[in-house]
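Take a look at the structure below.
The values are calculated or read from the model by the stated rules, or taken from the named source; none is laboratory data. Worth saying up front: this structure is predicted, and the values here are computed from it rather than measured. No Cβ is skipped: glycine too gets one built from the backbone with ideal geometry, and neighbour counts run over all protein chains shown.
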Amino acid sequence: MRILIGITSCHRAIYPEVLSRKEPPNNSLCVKAARETWIKDAVNAGIDVKFFFGRYNDPPGTALIPNDDEIFLNCDDSYDGLVEKVTAMAAWAYDHGYDYFMKVDVDSFVHVNNLLKEMNGEWGKWDYIGRGWGLGYLLSRNAMQIIVHERQRRSWAEDSHVLRTLFNEANKGTKVSMYGDGRFVFLPNLLRKDEDLYNTAFVVVNPMTPEGMKILNETHSLDSLLPLSFSKEDLWTAGADRVEHSIVHNAFSIYGATIPWTYDEWVELSAYERQPAKDWAQIAFASLDADAMADCPSFQSWLGFVPNRRQLLDICRAKNVESNKKFADASKHFKDQHLD
């Protein structure tokens, strides 16, 4: 069984303001720590590990040669381009004959022995193994092929994109087996009652500091990281203002435009001032779901005269509700069938 662990990386660690948690302050420190810890174990166990980058164009014309464990892909290198990058990573893994492709983040730690134990057991039966978080998930060749050939949706949320794509394909009747496992541990969401359950049985942990990677490599015990301490900004969950800004940001990203407001500017807007953007986001989401982005008006056009504006908005809202319900039903079925 050939396994590739692909680590999403970038030439310049610049993250969009829409994210509600802090990212590693310096990617290079996490990369160094990963190479000195769990990656050594993976390579010794016969697992290939590669850091995947997008296009390098800063400064223009500069020739940059990748290291032996680095792959430069012809894709967007920004955080907003993560869907495109992960799709390209899956294509690279598929084309190079890997049976399983595991995507992890640059600040993730992989327990290699636990991974191999599961892959030689139950996990080898599934097309998708994960927990719905971008910190780590496994794709079979069948799942890789589905991800590569599915129409891309422009968004930085690649983990959601992968799940939605597989759910949608399963709803079409394609055989896609999916298994959710809590041993993909997102530390800020780790419940105290689950600590003993995942303490030494974890497979992937995130977010990790370089120091945390070294500690975990020595102990292979989550207890060694306790007590966990996170600020509010470290959590994916956020208040209503952050959620609204994120939703509108995603709509502009889908349309291929830049959101006009930073988060700090958004919170200063009144509910009345925010509403046009929130309404237009409904149009963008419905256009995407109907595969009709060419008919989606720009935000500037939406601010002008739009015939039958209320009717159009009502139709789009209804379509989005229907689409979200389908995804929620598929997600519930997945959880009922596969989540412990």
- Set V106, V83: member being in contact with a helix residue (DSSP H, G or I) (Cβ under 7 Å, 6 or more places away or on another chain), within 15 Å of H11 (Cα to Cα) and not polar (S, T, N, Q): V106
- Query: Considering only the stretch 238-251, how many residues are closer than 9 Å to A281 by Cβ and either surrounded by fewer than 21 Cβ atoms within 10 Å (Cβ to Cβ) or among the hydroxyl-bearing types (S, T, Y) (or both)?
  - Reply: 1
- Query: Hey, T258 hits all of (1) assigned by TED's automatic domain parsing to the domain that holds N324; (2) loosely packed, with under 12 Cβ neighbours inside 10 Å; (3) not in a loop (DSSP other than H, G, I, E, B) but one; which does it fall short on?
  - Reply: (3)
- Options V185, V243; residue that is within 24 Å of N27 (Cβ to Cβ) and of a type outside the set (F, W, Y): V185
- Message: Looking at the stretch 49-65, can you tell me whether even one residue there is of a type in the set (V, I, T) and exposed (fewer than 15 other Cβ atoms within 10 Å of the Cβ)?
- Response: yes
- Task: Determine whether the stretch 69-77 contains at least one residue that is in contact with a Cys (Cβ under 7 Å, 6 or more places away or on another chain) and either modelled with pLDDT under 90 or outside any loop (DSSP other than H, G, I, E, B) (or both).
- Result: yes
- Message: Of everything in the stretch 179-221, what is within 17 Å of D41 (Cβ to Cβ) and acidic (D, E)? Give them in sequence order.
- Response: E218
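Can you give me the number of residues within the stretch 119-150 that are part of a helix (DSSP H, G or I) and crowded, with 20+ Cβ neighbours inside 10 Å? Write out each step before concluding.
The first filter runs over the stretch 119-150 and keeps only residues part of a helix (DSSP H, G or I), leaving 119, 122-125, 141-149.
Filter once more, so that each one left must be crowded, with 20+ Cβ neighbours inside 10 Å: 143-144, 146-147.
Number satisfying all stated conditions: 4.
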- Message: Just the residues that are more than 23 Å from the chain's Cα centre (by Cα) and modelled with pLDDT of 80 or more, please, taken from the stretch 223-247.
- Response: D223, S224, L225, L226
- Scanning for something at pLDDT 90 or above and either assigned by TED's automatic domain parsing to the domain that holds I247 or outside any helix (DSSP H, G or I) (or both), does the stretch 328-335 turn up at least one residue? no
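What number of residues within the stretch 114-137 satisfy the criterion of being of a type in the set (A, V, I, L, M) and either modelled with pLDDT under 95 or touching a helix residue (DSSP H, G or I) at 6+ places or on another chain (Cβ under 6 Å) (or both)?
Of the residues in the stretch 114-137, 3 are of a type in the set (A, V, I, L, M) and either modelled with pLDDT under 95 or touching a helix residue (DSSP H, G or I) at 6+ places or on another chain (Cβ under 6 Å) (or both).
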